[in-house]
Amino acid sequence: MKKRVVVLGATGSIGESTMRVARALSDKIEIVGISGRNNTSRLLDLAREFPSARICAGDVAGATELSHEIGRPILHGEQGLMELASLQDAELVLVAIVGTAGLKPALHALESDKDLAVASKEILVMAGELVMETAARMSGRVLPVDSEHNAIFQCLEGQDPSRVKRLILTCSGGPFRKASSADLASVTPEQALKHPTWSMGRKISIDSATLFNKGLEMIEARWLFNIPMEKIDVVIHPQSIVHSMVEFVDGSILAQMSSTDMALPIQFALTYPERYAGPCAPLDLASVGRLDFEAPRTDLFPALDLARRAGTAGGTLPAVLNAANEAAVEAFLAGKLSFPGIWESVARAMDTVPFVEHPTLDQLIEADEAAREIVAG
Ligand code: NDP
Ligand code: MG
């Protein structure tokens, strides 16, 4: 029996790796729904490759164009995403839409008793408590795709959660691991987009350069694994071979290692609990040679401390951090903000937007909007 999968954000980097997995495991995985936004030509290729899948374009113009090309009806916009998220046919919905636009479809997928595979860490940062509460009420599982969380998920299998001492997220350190404070002040978007070990979408590449990616992942881990922030640590590991670790009370540390390829965590989430030979190249440790670990430079990269503060306070603060960061990354990429301006904007929004301790979804959305306005100035 094939696993029937919907991919939201199929035209992006995670989407592309997902399709590699689906092609390699075509006897195990069936793609039944696909969404994209602006990249209509890629969406068209996917619509042709998966002729029985429902397709959702970003807007009505894209949907009309595609429908004309392939001669079948095409969904569009948020309503289309909601339809895909609850497709009767689907068992699992993978959310790989950058930012928080995937939040409502993700909640809808859980409400429709689907398993939810989450690549979009921003939705867990913004509304992790709500997502996990919804999953607990319904029958679907939340399966982490982010490589660190997928690694931790694998290390925790069969373990007693009460015996976990801490989660250790590994972090490549990004392109500026060795930079000075003066170097950081003059970083350009081109420099920041060059990640040393992973090839990814633009937003997450900038997040990896500021270390906000790791900050978001600390909060993501807090909700996925229901663990307090003080038990979540970060270690710099430039080779990106150990994807993360779990330390237990007896001092034992379990790690998950594999090649630097998102196909592996995506595949594990899609085929869970089964393991199959897939497209990820085997890891040759002798050719890797050495694995290094070092402490993060929190003085130069304030993102980790800001995330710890937001994750510890909870309430609306993680949503504010996330939205301010998204807006600041866009401003940086548009040449309107300096590189250090990204964390300065996030800190300002966190200090300014009124705090709500137990927010509703509407209050989270309000906090998100208020944070974006502060960054826009
Ligand atoms: P990309 O920018 O490559 O792709 C984003 C996808 O989302 C595209 O399909 C895009 O459509 C779609 N999209 C963007 N905005 C909207 C919107 N408002 N409504 C609907 N669809 C939208 O991003 P990545 O694949 O790199 O990342 C996706 C998510 O996965 C992010 O949250 C990221 O943090 C997370 N992630 C990514 C990793 C990676 O290796 N890339 C690793 C771990 C996590 P289109 O392009 O057609 O406009
Ligand atoms: Mg990650």
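Key figures for this structure:
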item: More than 20 Å apart - percent of Cα-Cα pairs taken over region 149-314; result: 54 percent
item: Where the Cα pairs of the chain fall when distances are cut into 20 Å bins, in %; result: 29, 61, 10, 0
item: Set of lysines with alpha-carbon distance to Lys336 below 29 Å, sequence-local pairs under 8 removed; result: Lys121, Lys178, Lys194, Lys203, Lys214
item: Per-selection Kirkwood Rh - region 236-377 (Cα, Å, 1 d.p.); result: 18.2 Å
item: For q = 0.14, 0.22, 0.23 Å⁻¹, Debye-computed log10 I/I(0) when each Cα of region 107-173 counts as one equal scatterer; result: -0.48, -1.07, -1.13
item: Cα centroid of region 10-50 to Cα centroid of region 236-308, whole Å; result: 25 Å
item: Gaussian network model of the chain, Cα within-10 Å springs - most flexible of Ala151, Ala307, Ala327; result: Ala327
item: Base-10 log of normalised Debye intensity for region 55-123 (one unit scatterer per alpha-carbon) at q = 0.24, 0.26 Å⁻¹; result: -1.00, -1.08
item: Mean residue ellipticity (222 nm) of the chain, computed from DSSP H runs ≥ 4 via -39,500 (n - 2.57), nearest 500; result: -14500 deg cm²/dmol
item: Burial ranking of peptide ranges 283-296, 3-16 (average Cβ count within 10 Å, highest at the top); result: 3-16, 283-296
item: Most mobile of Ala24, Ala209, Ala85 in a GNM of the chain (Cα contacts under 10 Å); result: Ala24
item: Projected area averaged over orientations for region 3-144, convex hull of C-alpha atoms, nm²; result: 7.4 nm²
item: Candidates Leu211, Leu66, Leu304, ranked by Gaussian network fluctuation over the chain, Cα under 10 Å, top entry; result: Leu66
item: Relative contact order %, the chain, counting alpha carbon pairs below 8 Å whose residues are six or more apart; result: 15 percent
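Each reported figure results from applying straightforward, stated rules to the coordinates on display, with no laboratory input. Since the structure is predicted, the reported quantities are computational estimates derived from the model, not experimental observations. No Cβ is skipped: glycine too gets one built from the backbone with ideal geometry, and neighbour counts run over all protein chains shown.
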